[in-house]
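Presented below is the structure to which this report refers.
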Amino acid sequence: MTSEMSLAQGYVQAKSYIPYDQILLFGDSITQFSAYQGRGGYTSSQGLNVLPQFFPPPHVAKVRMMTVFFGANDAVLPPGDQYVPLEKYVQNLKAIIQHPVVRYGDTKVVLLTPPPVNEYQLTAFDLSKGVTPLSRSANNTKLYADACREVGKSLHVAIADIWSAFMREAGWVQGQPIAGSKEIPENPKLASLLVDGLHFSGDGYKVMYDEVLRAIRETYPEEAPERQPVHFPPYQFAEDA
């Protein structure tokens with residue numbers, strides 16, 4: 001054992017190290033681009049497959065809360081290789097939320113609906129990758145968002161309705177053609193929330209952040225940031241080493 005290892009072990013014992021509870025962000029590239037860690041390109045099927053491979057057991061860490069954010073890739077139009085049929089998408093979301101590793105740790109789930117797409121921006125994004133025709137459509141993506149929302153309601157978990165939050169920002173009204181569709185002129189506000197018709201701009205992430213916090217405060221008020229304990233004292237009262 002090296003002197004550095006001995007020193008580290010002694011420090012941990014002396015300070016009575018206790019691991020903090022964790023918040024797990026589980027999703028595709030939209031999660032990845034917000035917090036680095038994520039599984040770019042993943043669908044709900046691939047997410048379900050890897051979930052038990054990384055979810056820590058309770059004796060290792062307490063995952064107090066988990067966000068689940070899949071659907072943007074599932075909603076790829078067939079015959080795209082990421083396409084997941086709507087019924088299978090619903091099954092996958094339920095399986096993730098009710099997975100034994102999640103339930104055993106009594107983890108609270110925040111389910112995020114897939115966001116809308118902007119077909120105008122998406123055309124250029126797809127062409128840059130050599131993809132034709134359009135990989136996704138505004139109308140089809142709405143079906144996945146609607147289904148995701150219903151899964152959250154049926155399982156009584158927090159729902160961060162990203163699709164609806166973006167649409168409110170875009171000024172969309174129920175009954176109108178869907179913002180982002182080429183059936184109508186491009187919506188500049190929706191375009192400002194996306195960088196390529198699919199992934200979020202900084203403004204888009206701000207909308208997502210606000211919606212996730214709203215969902216947490218409404219469904220799990222005890223987990224609101226302002227209600228969390230402070231683990232270490234302010235510097236005025238902290239002891240020197």
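The values are calculated or read from the model by the stated rules, or taken from the named source; none is laboratory data. Note that this is a predicted model, so its numbers are computed, not measured. Don't worry about glycine lacking a Cβ; one is built from the backbone with ideal geometry, like all the others, and counts go over all protein chains shown.
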Discussion item. Would you confirm, using the coordinates I've provided, whether S181 is under 18 Å from V117 (Cβ atoms), among the hydroxyl-bearing types (S, T, Y), at pLDDT 95 or above and not in a helix (DSSP H, G or I)?
Written reply: yes
Worksheet item: Quick one: would you say A160 is modelled with pLDDT of 95 or more, of a type in the set (G, A, S) and in contact with a Pro (Cβ under 7 Å, 6 or more places away or on another chain)?
Response: no
Item to complete: Would you check which residues across the range 107-151 are in contact (Cβ under 8 Å) with a residue 60 or more places away in the chain, among the polar types (S, T, N, Q) and crowded, with 23+ Cβ neighbours inside 10 Å and list them?
Response: N118, T141
Fill in: Hits in the range 67-114 (condition: assigned to a loop (DSSP other than H, G, I, E, B) and hydroxyl-bearing (S, T, Y))
Y83, T107, T113
Worksheet entry | Subset of the range 188-217 [more than 27 Å from K108 (Cβ to Cβ), in a helix (DSSP H, G or I) and among the small types (G, A, S)] | A191, S192, G202
Worksheet item: Any residue in the range 30-53 that is over 16 Å from H156 (Cα atoms), part of a loop (DSSP other than H, G, I, E, B), out of contact with any Pro (no Cβ under 8 Å at 6 or more places or on another chain) and among the β-branched types (V, I, T)?
Response: yes
Worksheet item: Hey, among R227, R168, R214, which residue is surrounded by fewer than 16 Cβ atoms within 10 Å (Cβ to Cβ), under 14 Å from T113 (Cβ atoms) and free of Cβ contacts under 8 Å to residues at least 24 places away in the same chain?
Response: R168
Item to complete: List the number of the failed condition for Y89; all other conditions in (1) aromatic (F, W, Y); (2) surrounded by fewer than 22 Cβ atoms within 10 Å (Cβ to Cβ); (3) under 30 Å from E186 (Cα atoms) hold.
Response: (2)
Worksheet entry | So V50, is it of a type in the set (V, I, T) and free of Cβ contacts under 8 Å to residues at least 12 places away in the same chain | yes
Practice prompt. For L194, indicate whether it is surrounded by 15 or more Cβ atoms within 10 Å (Cβ to Cβ) and out of contact with any His (no Cβ under 6 Å at 6 or more places or on another chain).
Written response: yes
Worksheet item: Looking at the range 86-93, is at least one residue free of Cβ contacts under 8 Å to residues at least 24 places away in the same chain and farther than 25 Å from A179 by Cβ?
Response: yes
